[in-house]
Amino acid sequence: MAVPAPRRDARLALLGLTKRFPGVVANDRVDVSVRAGEIHALLGENGAGKSTLMKMIYGLLAPDEGSILWEGRETVIEGPLHARRLGMGMVQQHFSLLESLTVAENLALTLNRRGRWEPERVAARVAEAEGRYGLAVEPHRPVHSLSVGQRQRVEILRCLLQEEPLKLLILDEPTAVLTPQEVAGLFEVLRRLAAQGLSILFVSHKLDEVKALCERVTVLRGGRVVARRDMADVTVDELATLMVGDRPPALRERRAVAGAGEVRLALQGLDLAPDHPHGTALSRASLELRRGEILGLAGVSGNGQQELLAALVGERPVPADCVLIDGEPVGRMGVAERRRRGLRYVPEDRQGTGAVPSLSLIDNALLTRWPKATRFGWVSLAAARNWAQAICERYQVRQAGVGMPASSLSGGNLQKFIVGRELDETPEIFVVAQPTWGVDVAAARRIQDALLALREQGTALLVISDDLDELLALADRVAVISGGRVSSARPVAEVGRAQLGQLMGGRGLEAEVPDAAA
Ligand SMILES: Nc1ncnc2c1ncn2[C@@H]1O[C@H](COP(=O)(O)OP(=O)(O)OP(=O)(O)O)[C@@H](O)[C@H]1O
Ligand SMILES: [Mg+2]
C-alpha cells in the first residue's frame, strides 16, 4: 500500500522510527503524524509494536533509527521528564504507581517538581478534578488497596493534572478495565480537550471505542505500518480485518454438556471484613459453580471481586465451611491444597500476582506447575522449557524465546501466556478474572473458545469480568457483585442487559442480600 509521507507541519511527526530488541524488530521504519486537536488511533494485534512506539515518543525508549519532529522541529526526547516538559502525558499499559503510597502521594511525586505540591493540596485538586473529569478516586487510599479499574483512573488523572500545559496525551489501553459509564465519561472529557487543541494518541483493542472516539487510524502489523484510514471510511469489521490480516474467527457454538449440574465449588454465606482499611467487606456472599457450566460474575471492578477471589482460591483463609470443594470444607486451606483438589485460577493483576516480570517464561511456567516438572525432588528444566514452548504455540504467544523475561512480552502476549498456563492443564474448577484484558480480537476469541471448550469437558468455571458482552456471550448463568453483595445467579437467557446494569449499580441488591449482622 502506498503510504503518504507524514506531514512535517503536524504537532508530532514520526519519521522512519525503528526499534530492535533481541530477536525482533518491534518497529520497522514507522511513519505517523498527529495534528493539533486530533484523536489518532493506533491499532495492531498483540506484539505489533504499539507500546514500543508510544514509549519512544515519551522518551522511555530510544529509537535505533529515524527521527521525531515535535512541533516541526527535530527533537531527541531524553526521558519522560523531558517529554512532560514538552507538554506530553502518557498513561502506560502497565501501571506505574507505587503500591505502598497513597493516591495523593503518588500524584504528588510526579507533579511535585517544584516542591509546591504537598499531598494535601493534591487531594484538593483531585476532588476538584473529580467534578471536572468525572473520574472518581479517593486521594487517601494506599494504591495497593485499589482495584485495577481504580488504579487506571488514578493513572489517567495523573496526566490530566500535570502542571505543564498538555499538548499530546498518549493513552496505551486506558479503558481495558474501566466500566462502560467511566469510558463514556472519559471520552466526553477527551473530546472536549481535543476540541481545545489537545492531540491524543489512543491505543485500544476495543474497536467499537476506537471507531467512536478517533478521527484517524494507523494500523501496525509486525512492527510495520500496514494501513492508514480516516475513521469515517472504515467499519469496525474492516478495522479488525486490517489488524489481523483476516476476519477474526467466530466464537464456537455452545453445546449442551452431558452430566452438567453437580456443584463443584461453593461459597456459602461468607461475611468477610476487608484485609485493609479501604477494601470491600463481603456480606453473606454465596455462589455455586457447577460442573460443565460457566458462571459469570459481573460488576464494576473494586466492588469485592478481589476479596471474593482471594477467599475462593485460598489466598485468604476464611471459616472452613464457607468454601466447599465437592462438599468438603476447604475455607482454612491454602492455595496449594486447593490446587490439589482441582482448583486453578488467574487473578486480575497479571503483573503482580499472575507473573513475575523479571523471571523467564520457563520459570513463570514453573511457578504454578513445579510439581509436574519435578522428578525425585529435581526440577526438570528441559520439561519446563518444553512446556513453556507448548503454551506459547497453543495460545500463539509471540516471544523471542522462552528464556526471555516475562517483562519482554507485549501486554497481550503476557496475558495469553498466563491464561494459557492455567488453561493448559484442563482444570476441573477454574476461576478467572478479566480473561481477555488487553488481548487482541483474534486472541480474545481463542481464549473465550478455550473457556467454552473447558465447559464442554465438564470444568466448573467462574468468569469475573466487567465486560458485560463477554459475560453474556460465555456464561450460562450470571450473578452480579456490588458493594460486597452478590446477587443470586440468573440464567443468561432470562436477564436483560438493563437489569444487570441496575444490579451493578447496586440497585435492588440490598433487598436480595441482607446486611451482615455486625
Ligand atoms: N523490553 C523488551 N525486550 C525484548 N523484547 C521486547 C521488549 N519490549 C517489547 N518487546 C517485543 O517487541 C514487540 C512489540 O511489543 P509491544 O509491547 O510494542 O507490542 P504491542 O503492540 O504493544 O502489543 P500488545 O497489544 O500486546 O500490548 C514484541 O514482540 C515484544 O515481545
Ligand atoms: Mg502494548
Practice task
With r as the distance between the Cβ atoms of His82 and Gln196 and R0 = 30 Å, compute the FRET efficiency 1/(1 + (r/R0)^6) and round to 0.05.
Solution key: 0.80
Completion exercise
In degrees rounded to 10, the 0-90 angle between helix 180-195 Cα long axis and the longest Cα principal axis of the chain is 10
Handout entry: Computed accessible area, Glu138, all protein chains, 1.4 angstrom probe, square angstrom
Key = 100
Exercise for the section: Roll a 1.4 angstrom probe over the protein heavy atoms and tell me the percent of accessible area of the chain that is carbon or sulfur. Expected result: 51
Practice task
Output ³J(HN,Hα) for the stretch 322-334: one whole-Hz value per residue in order, computed from phi by the Karplus curve 6.51 cos²θ - 1.76 cosθ + 1.60 with θ = phi - 60°, and x for Gly and Pro.
Solution key: 7, 10, 10, 10, 6, x, 8, x, 10, x, 8, 7, x
Handout entry: Phi to ³J(HN,Hα) by Karplus 6.51 cos²θ - 1.76 cosθ + 1.60 over the stretch 393-406, Hz, x for Gly, Pro
Key = 5, 4, 9, 6, 7, 7, 7, 9, x, 6, x, 6, x, 4
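Arranged from highest to lowest average of other beta-carbon atoms within 10 Å per residue, in what order do the peptides 439-446, 414-421 appear? Each step should come with its number before you reach the end.
Working: 439-446: 22.2, 414-421: 26.8.
Sorting 439-446, 414-421 by mean packing, highest first, produces 414-421, 439-446.
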Fill in the blank from the handout: Counting sequence-distant residues (5 or more places) and residues on other chains, those with an amide H built under 5 Å from that of Arg35 are Arg11
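Quickly rank 37-46, 193-202 as a protection proxy: mean count of other C-beta atoms within 10 Å, highest first. Each step should come with its number before you reach the end.
Values: 37-46: 23.5, 193-202: 18.8.
Taking the mean over residues of other Cβ atoms within 10 Å, the ranking is 37-46, 193-202.
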Completion exercise
Looking only at lysines whose Cα falls under 26 Å of Lys211's and that sit 8 or more positions away or on another chain, we get Lys50, Lys55, Lys167, Lys416
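On full extension of the chain, what length is gained from Val263 through Thr75, given 0.36 nm per residue of separation minus the C-alpha to C-alpha distance? Write out the running numbers ahead of the final one.
Details: separation 188, 0.36 × 188 = 67.68 nm, distance 6.20 nm.
Once the chain is fully extended between Val263 and Thr75, it gains 61.5 nm.
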Practice task
Any chance you could look up the accessible area of Arg20 with a 1.4 Å probe, heavy atoms only, rounded to 10 Å²?
Solution key: 120
Handout entry: Mean projection area, nm², convex hull over Cα of the stretch 10-118
Key = 8.4
Handout entry: Angle in degrees between helix 441-456 and the longest Cα principal axis of the chain, rounded to the nearest 10
Key = 0
Exercise for the section: Please give the solvent-accessible surface of Arg141 in Å², to the nearest 10, using a probe radius of 1.4 Å with every protein chain present. Expected result: 20
Practice task
Name the residues whose placed amide hydrogens come within less than 5 Å of the amide hydrogen of Ala26, ignoring near sequence neighbours (fewer than 5 apart) on the same chain.
Solution key: Lys19, Arg20, Phe21
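As a test of understanding, state the convex hull volume per residue of the chain from its alpha carbons, in Å³.
On the way: hull volume 79.8 nm³, N = 518.
So the per-residue Cα hull volume is 154 Å³.
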Handout entry: Stretchable slack from Arg252 to Arg29, in nm (0.36 nm times residue separation minus alpha-carbon distance)
Key = 76.5 nm
Practice task
Give the long-range amide H neighbours of Arg290: residues separated by 5 or more places, or on another chain, with amide H under 5 Å away, using H modelled in the peptide plane at 1.01 Å from N.
Solution key: Arg264, Leu461
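Quick one, can you get me the convex hull of the C-alpha atoms of the stretch 384-518 expressed as volume per residue in Å³?
146
At 1.4 Å probe size, with every protein chain present, just tell me what the per residue accessible area of the chain comes to in Å². Please list the in-between numbers first.
Details: 21120 Å² over 518 residues.
The answer is 41 Å² per residue.
Just the ratio, please: alpha-carbon radius of gyration of the stretch 191-304 over 2.2 N^0.38 Å, N its number of residues. Walk me through the intermediate numbers first.
Values: Rg = 22.3 Å, N = 114, 2.2 N^0.38 = 13.3 Å.
In units of the globular-protein estimate, the stretch 191-304 measures up at 1.67.
In square nanometres and to one decimal, what's the mean projected area of the convex hull around the Cα atoms of the stretch 12-244?
Working: hull surface 49.6 nm².
Taking the Cα atoms of the stretch 12-244, their convex hull projects to 12.4 nm² on average.
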Problem - In order through the stretch 16-29: 3J(HN,Hα) via Karplus (6.51 cos²θ - 1.76 cosθ + 1.60), integer Hz, x for Gly, Pro - result: x, 6, 10, 9, 10, 10, x, x, 8, 9, 6, 9, 10, 6
Exercise for the section: In nm, give the distance between the simple-model label positions of His94 and Ala184, each being 7 Å from the Cα along the Cα-to-Cβ direction. Expected result: 3.4
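The values are calculated or read from the model by the stated rules, or taken from the named source; none is laboratory data. All values reported here derive from a predicted model rather than from experimental measurement. So basically every Cβ, Gly included, is an ideal-geometry build from the backbone, and we count neighbours across all protein chains shown. Accessible surface is based on the protein model in full, side chains and every heavy atom, while ligands, DNA and RNA are left aside. Shrake-Rupley method; radii C 1.70, N 1.55, O 1.52, S 1.80 Å.
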